[in-house]
1. Just subtract the alpha-carbon distance of R289 and T244 from 0.36 nm times their residue separation and send over the number in nm, one decimal.
2. With an 8 Å cut-off on Cα pairs and a minimum separation of 6 or more residues, tell me the relative contact order of the chain in percent.
3. Please list, ordered by chain and number, the residues whose modelled amide H lies under 5 Å from the amide H of I45; skip anything fewer than 5 residues away on the same chain.
4. Treating only the Cβ atoms of Lys and Arg (+1) and Asp and Glu (-1) as charged, compute the dipole magnitude of segment 111-224 about its Cα centre; round to the nearest 20 debye.
5. Can you give me the long-range amide H partners of V186? Hydrogens built in the peptide plane at 1.01 Å from N, cutoff under 5 Å, separation of 5 or more residues or another chain.
6. Find me the longest stretch of the chain that has none of the exposed GluC sites (Glu not before Pro), where exposed means in a DSSP loop (not H, G, I, E or B) with at most 16 other Cβ atoms within 10 Å.
7. Whole-Hz ³J(HN,Hα) for each residue in segment 78-86, computed from phi via Karplus 6.51 cos²θ - 1.76 cosθ + 1.60 with θ = phi - 60°, x for glycine and proline: what do you get?
8. Choose one answer from M18, M272, M65: the residue with the largest mean-square fluctuation in a GNM of the chain with alpha-carbon springs under 10 Å.
Amino acid sequence: MVDLSVDIGGLTLKNPIMPASGTFSEELSEVFDLELLGAHVTKTITRGLRDGNPTPRVCEVNGSMLNSIGIPSKGVGAFLEKVVPFYRQYETPLVVSISGNTEEEFATLCAEVSVDGVDAVEVNISCPNIEEDGKAFAIRPSSTASVMRQLRAATSLPLWAKLTPNTGETSEVARAAEDEGANALVVSNTLLSMSIDVRTRRPMLGNLMGGLSGPGLKPVALRMAYQCARATRIPVIGCGGVSTVEDVVEYLIAGATAVQVGTATFIHPTIMPRLIRELELWIENEGLRSVRDLIGSVIDDEQAEAVVFMEAAP
């Protein structure tokens, strides 16, 4: 038997496969048994009602996807009344994704969703901070630390900080989140991008720019997962372009403890249970007993030099 269980900041998951926020809903229970997943991650909610961005909100680019959904939300009241009770029927841990425009709004919402049935809170600090001229909280270490400090004070539940690829300070941001109480890092959110219809000369999205997800994001997110795993002592959850078991294994080798599957679910709704089966088989074929044997096993330059030295020794 292969042991697929992993520990994410004190929360035990039966396997390292879970959905990415915004790509998962209760309706998938009609397609496969949701109990199979390592965790359930809800669509990001905001405290009040939110309509989202103007249409069109999605377009395809070179086998990947651009989206500018804008986090439409029915508000925290509807979420607590209808969504949380649905997931209480499962033993699989429930992770609630939240977003806020200010530190205070983030902290208030975090406290409100810290109810029975919720096992962790994923804080989407990749969203715009109106107190910093619309720059995402996770772009800078200082704003990351400030919002995480308030979030940590607002709940005793595990906090998963979802980082942005739109920063040049990946490791510094990761350490700031860890220092202020993050129990895990989700790496990463979408990459700010743009596409133009050359016939009409108009942007393909109603909001002009959007987030790149799918295979095109994977090399960037994988690099970030590697950097964050080396820079911190807390688990990293890889997110971006996961569609094959090789993608899962690559993230694990880079240092991620688990992965989130997003865009691929739109194409193949049963991809997550398939990846769980394929990962178990892949590990077994490698002669390993546990998924944990893969985590952080990448051979970088320093390790490669050590291996060469050992092989050359008499």
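What follows draws every value from the coordinates through simple rules; no lab data is involved. Note that the structure is a prediction, hence the values are computed from the model and not measured. Here the Cβ positions follow ideal geometry from the backbone for every residue, glycine too, while neighbour counts run over all protein chains shown.
1. Full extension from R289 to T244 adds 14.1 nm.
2. Working: 685 pairs, mean separation 60.6, N = 314.
Reported as a whole number, the value is 19 percent.
3. It is S97, I98, S99, by chain and number.
4. On the way: 11 positive and 13 negative charges, 136 e Å.
Using only the charged Cβ atoms, the result is roughly 660 debye.
5. Distant-sequence amide H within range of V186: A161, K162, L163, I237.
6. Working: sites that count: E91, E169, E286.
The segment 170-285 is the longest one with no such site.
7. So the J values, rounded to whole Hz, are 5, 5, 5, 7, 10, 7, 4, x, 4.
8. Between M18, M272, M65, it is M65 that shows the largest mean-square fluctuation.
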